[in-house]
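The values are calculated or read from the model by the stated rules, or taken from the named source; none is laboratory data. These numbers were taken from a predicted model, which means no experiment stands behind them. Cβ coordinates were reconstructed from backbone atoms using ideal geometry, including for glycine residues, and neighbour counts include every protein chain displayed.
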Amino acid sequence: MRHQWRLLLLRPRHLLRSQIHSSGQSSHFQVLSNPNLRLPHSLTSLFHCTASQPIFDSQFTNQTTPISRRFSSEPAFEEVDSDHIVIADIFAKPKGVDDARKELELSDVVVSHELILRVLKKLESSPDVAKRFFDWVLESDSERLSSKSYNSMLGILGVNGFVEEFWDLVEAMKKKGYGISKGVQNKILEKFEKDGLDSDVEKLRDVYASGSVDNSVEKVCSRVCKTVRSDVWGDDVERRLQELGVTYSSDMVKMVVENVGVEPTKALIFFRWIEESDLFKHNEHTYNAMARVLGREDCIDRFWKVVDEMRSKGYEMEEETYVKVLGRFCKRKMIKDAVDLYEFAMAGAHKPSVHCCTFLLRKVVVSKQFDLQLFSRVVRIFTESGQVMTNSMLDAVLKSLTSVGRFGECSKVLKALEEGGFVASGHLQSKILFKLSSSGKKDEASEIVWNFEKSGSSIDHRTWASFIEGHCVAGDHDKASDCFQKMVEKEGVSSAGYAFDILVTSYCWKNKAIDACTLLVDMVNVKQLKPWHSTYKELISKLLVQGGFRHALSLLGLMKNQGFPPYVDPFIEYVSKSGNGDDAIDFLKEMTSKRFPATSVFLQMFEAFFKAGRRREAQNFLSKCPSHIRNHADVLNIFCSSKPRKGASTADVSA
């Protein structure tokens, strides 16, 4: 064999890697893009990057930046592609090559091979626009037009009745060695037959039968691939390839590399051989085709060698390459290699999208072993490119943590994000603290609070409330009370009503209303807290149910002092069913700042006793009332109208 490098390619991977490292090859991260270059966006289809979920309620921060046309990483969720709309608008009317180029640049559209195919597919019902666009690409950058592109345009012309233009394009394809695909032939035959174009039907069949003779790209490619795959690479294979007399084009080389790609070593040998043999000089498209073939677990060292070489020659990684290889790495759990690829792409002209960063962060946190350094590295790569982390990105990461039962690691995640300049919103802070405290991870939650305060972003009263509520859900009321006390120390009592209501309600539902009452009295008397009216009402109702009548009475005085109206109904119901005359008098005295309340309240109390069938307690209560109540006509009527039970003695109601 004339070229000793081929022996190296055929060696086992571990030997290859050791030789690469020992030879002093430069790292693929040493090639930096020119910071003065304008960074064009890739305009092929965008993809949302998700992990194993889509993390959460969607409190995503809406961005007002233009629609991103950069790389995205996950082929599972395709975003709406608006590029064909832009192109359709630009080529709706005839215009010069330079004018069209300027408009495309202003619209931030970069025409790639993939975009051409997608646009032609969208413009099938707009043949004039499609033809202007195709002709413009043909004149301005014909290298981007492949056999598939020509066949797409051919199909548009044929199905829309542009017969003359159809045959003109067939002739142009013959000159380039492109044949008509079976799918296009079938579709156009159907159209010609329907329109009664018998001569064109026969002509098309003849052209297809000849296959553009035997020189179509597809047929030549098939012969080359068969030769490459037929035997172990050697002088005999090289001789047979030379005898084929093929004139290699970019499209041809890509096709061969991709078809031989099931044997990546042979594809790489062919890739090197045609350039060393001066049969073809590789360009950005062929380098990317080779990179797509090598971007796999068993060829990783060769992959990096090729992409480093590609960049050193000034070529960029295409979106198709990035998306395909990244997806393959992630599927094979090669997360470190995926991050390496992300860093490589971010150092180039066509940067991956924000979605891709989120996608990788989520992949890192759901890996078998959570590698915090790898997570921090993704954050650093992203932020050093001038991008800013957002709440929606953190939200997505938190959902991924939750999906694998690692939410306790969120303190590490937050710290890594903070090092990248990110500060979580109040809403996310609340969410995090609630989730941690409610699951019993109070130490992790306390650490996050401490880190928030250390970074100067003290949490607000709503976040404190979520923290307290989490402890309540976990049943740790002592910790909840401690948190509330700390909140009051830091925030004061003016905004503590919501958090205190949560705390009191939780105490009540755990049959600890008396403990809640003690806490409320202390906070009101010592800290001048003003609980909500609804908090008082809830606590009073639960105290009466839980045997805390005297404690409930004590709250009436606090309510009066804070300007709240008395809460009468539950007391009347409780005393009429379970209390006595003394209880009724104590209640009536406590509810008013005067000696006794209005007569109407007495009447309610008497009626409640009688309704409960407790005439004796009503008489006992009457005996303790002031004289103006005992002698009141309405009170006397209540007693007179209520017949005593059989056998009961008649009371002197006026006594």
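Here are some notes:
- From the options Arg292, Arg272, residue that is surrounded by 21 or more Cβ atoms within 10 Å (Cβ to Cβ), of a type in the set (D, E, K, R) and assigned to a helix (DSSP H, G or I): Arg292
- Boolean, Glu103 is at pLDDT 85 or above, within 26 Å of Val159 (Cβ to Cβ), in contact with a helix residue (DSSP H, G or I) (Cβ under 6 Å, 6 or more places away or on another chain) and not polar (S, T, N, Q): no
- Within region 351-376, tally of residues that are under 20 Å from Gln387 (Cα atoms) and either polar (S, T, N, Q) or outside any helix (DSSP H, G or I) (or both): 6
- For region 184-205, the set of residues classified as out of contact with any helix residue (DSSP H, G or I) (no Cβ under 8 Å at 6 or more places or on another chain) and either at pLDDT below 85 or assigned to a loop (DSSP other than H, G, I, E, B) (or both) consists of Asp195, Gly196, listed by residue number.
- One residue stands out among those in region 526-568 that are of a type in the set (Val, Ile, Thr) and buried (at least 19 other Cβ atoms within 10 Å of the Cβ): the one that is nearest to Lys594 (Cα to Cα), which is Ile540.
- Comparison of Ile459, Ile432 shows that the only residue that is assigned to a helix (DSSP H, G or I) and closer than 30 Å to Glu384 by Cβ is Ile432.
- Restricting attention to region 140-176, the residues that are assigned to a helix (DSSP H, G or I) and either in contact with a helix residue (DSSP H, G or I) (Cβ under 7 Å, 6 or more places away or on another chain) or under 19 Å from Lys121 (Cβ atoms) (or both) add up to 22.
- Residues being buried (at least 20 other Cβ atoms within 10 Å of the Cβ) and either of a type outside the set (A, V, I, L, M) or under 17 Å from Asp476 (Cβ atoms) (or both) - total across region 420-434: 5
- Residue match in region 426-446 (condition: out of contact with any Phe, Trp or Tyr (no Cβ under 9 Å at 6 or more places or on another chain) and more than 23 Å from Glu469 (Cα to Cα)): no
- Helices (runs of 4 or more DSSP H) fully within region 508-577 that include at least 1 residues being aromatic (Phe, Trp, Tyr): 533-545, 549-561.
- Residues (under 14 Å from Cys472 (Cβ atoms) and charged (D, E, K, R)) located in region 508-528: Lys510, Lys512, Asp515
- Residues of region 243-269 that turn out to be in a helix (DSSP H, G or I) and either of a type outside the set (A, V, I, L, M, F, W, C) or farther than 17 Å from Ser146 by Cα (or both), as a count: 14
- Failed item, numbered, when Glu444 is tested on (1) surrounded by 16 or more Cβ atoms within 10 Å (Cβ to Cβ); (2) at pLDDT 90 or above; (3) among the acidic types (Asp, Glu): (2)
- Within region 91-122, the set of residues being in a loop (DSSP other than H, G, I, E, B) and closer than 22 Å to Glu319 by Cα comprises Ser107, Asp108, Val109, Val110, Val111, Ser112.
- Among the residues making up region 608-623, those that are of a type in the set (D, E, K, R) and crowded, with 16+ Cβ neighbours inside 10 Å are Arg614, Arg615, Glu617.
- Within this structure, Ala345 passes the test of being in contact with a Pro (Cβ under 9 Å, 6 or more places away or on another chain), buried (at least 18 other Cβ atoms within 10 Å of the Cβ), among the small types (Gly, Ala, Ser) and within 28 Å of Phe382 (Cβ to Cβ).
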